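Each remark here refers to the structure printed beneath this line.
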Amino acid sequence: MGIGLRVPHYQHIFSKKPVVNWFEIISENFMVDGGRPLAILDQILERYRWCSTASRCIFGSAEPLNREHLTRLNPWSSAPRPPGFTDHLCWGSVDGRYTHDLLPMPYTFEAAKKTAQKIREARDFLEVPLAVENVSSYAEFHVSEMTEWEFLNEVVEGADCGILLDVNNIYVSSRNHGFDPFEYLHSVPAERVAQSTLRATPSTGNTFSTRTIIPSSTPSGRFTPGPLKSRAPRRPCSSGTIAFPPSKKSTGKP
């Protein structure tokens, strides 16, 4: 299992050297031309395995892929390109202007076809496997022609890509839209699941997140944590190192 790398973790990582299987790196947080962020990340990647995720490929938006953005998804220097990228199955930009939100898509066959095409283009451009993550949603489109899980399956089959299955997001959306979360889970093709995300809330009220690597029989969906340069002695991780801010609760149907 791995955890998401966040700024509050840095001091603990360097001072305690906790035992963590791997870190999830949010690429956009390090798209800079040098300085402290990349220096810190280089030190972490020298010690730990890693996987990479993004939030601005936005495969569900109508405009073409931002290839300049794609070329900058691996800005750090201490590690090779990651074994795969993940991003969210959503839209979030119009005419090059970003909403900085993960907006739900209309679940139509046309949208699934166009989204799958963009995922294939991104995979061919990056030359690494891709997986898409299901998002939580607070609104639905009346024009949808299928359920969210049917749409997810339509996209990944058309793109021949993997799924980053966010179990928490399924639950949130099921509460907001009144569907059975188990029907969603049972409908997802297991061979397409490259990673899964679980979240829990300890007694402190904070939420921590773990990502589990699940091997896939589909080459386009297979992920393993990236290589590390060295293995220095590490000590166990205290619960505080994976405490995230409290998650927003679902508010029911909009």
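The values are calculated or read from the model by the stated rules, or taken from the named source; none is laboratory data. Just so you know, these numbers come straight off a predicted model, no measurement behind them. Cβ placement follows ideal geometry from the backbone for every residue including glycine, while neighbour counts extend to all protein chains displayed. Side chains included, ligands, DNA and RNA excluded: accessible areas come from the protein's heavy atoms. Shrake-Rupley method; radii C 1.70, N 1.55, O 1.52, S 1.80 Å.
For residue 167, state whether it is under 21 Å from residue 23 (Cβ atoms), at pLDDT 90 or above and open to solvent by 20 Å² or more (accessible area, probe 1.4 Å).
Yes; evaluated as a whole, the condition is true for this residue.
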Next on the checklist: Cβ-Cβ distance below 9 Å, separation of 6 or more or different chains: which pairs start in segment 45-65 with a residue that is of a type in the set (Asp, Glu) and end on one that is open to solvent by 50 Å² or more (accessible area, probe 1.4 Å)?
Outcome noted: 46/229; 46/230; 63/94; 63/95; 63/96
Checklist entry - Residue check, residue 103 against (1) surrounded by fewer than 21 Cβ atoms within 10 Å (Cβ to Cβ); (2) modelled with pLDDT under 80; (3) out of contact with any Asp or Glu (no Cβ under 6 Å at 6 or more places or on another chain), all met but one. Which one? => result (2)
Checklist outcome for this item: Here the residues within segment 170-222 that are out of contact with any Pro (no Cβ under 7 Å at 6 or more places or on another chain), at pLDDT below 85, in a strand (DSSP E or B) and β-branched (Val, Ile, Thr) are 197, 210, 212
